[in-house]
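Report on one structure; see the data block that follows.
The values are calculated or read from the model by the stated rules, or taken from the named source; none is laboratory data. Here the structure is a predicted model, which is why all the values come from computation and not from measurement. Only protein heavy atoms, including side chains, enter the accessible area calculation; ligands, DNA and RNA are left aside. Shrake-Rupley method; radii C 1.70, N 1.55, O 1.52, S 1.80 Å.
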Amino acid sequence: MEEIKLRGEYIKLGQALKAVNFVDSGVFAKMVIQDGLVTVNGRVETQRGKKLVDGDVVSFEGKTIIIIK
């Protein structure tokens, strides 16, 4: 499980996927999110700009990110 420590109040979903190297680019992040391959807190998320806050859990291809403050 990867952790992302917030610097501000939130991080956007596409940025989070790139930050932990789950995707190589913003374009690829957009594609996998729009294709319904990413979940946030157990629910499919299709908005690349979804704001992630403390406690959110993101999953993609069996890998997990937790957002911490």
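Hey, which aspartates and glutamates would be in cross-link range of Lys69, C-alpha to C-alpha under 20 Å, not counting anything within fewer than 8 residues on its own chain?
Leaving aside aspartates and glutamates fewer than 8 places away in the same chain, those within reach of Lys69 are Glu2, Glu3, Glu9, Asp54, Asp56.
For the chain, place one equal point scatterer on every Cα, skip the solvent, and apply the Debye formula. What is log10 of I(q)/I(0) at q = 0.17, 0.21, 0.24, 0.27 Å⁻¹?
-0.48, -0.76, -1.02, -1.32
Quick one: of the DSSP bridges fully inside the chain, what percent are antiparallel, nearest 5?
DSSP beta bridges in the chain are roughly 75 percent antiparallel.
Just the accessible area per residue of the stretch 1-66, please: how many Å² with a 1.4 Å probe?
Here the residues of the stretch 1-66 average 64 Å² of exposed surface.
Tell me, what is the percent relative contact order of the chain, built from C-alpha pairs under 8 Å that lie six or more residues apart?
Once normalised by length, the contact order is 40 percent.
Report the residue, chosen from Val53, Val40, Val27, that carries the largest GNM mean-square fluctuation when the chain is represented by alpha-carbon nodes joined by springs under 10 Å.
Residue with maximal mean-square fluctuation among Val53, Val40, Val27: Val27.
In the chain, carbon and sulfur make up what percent of the accessible area (probe 1.4 Å)?
Carbon and sulfur atoms account for 44 percent of the accessible area of the chain.
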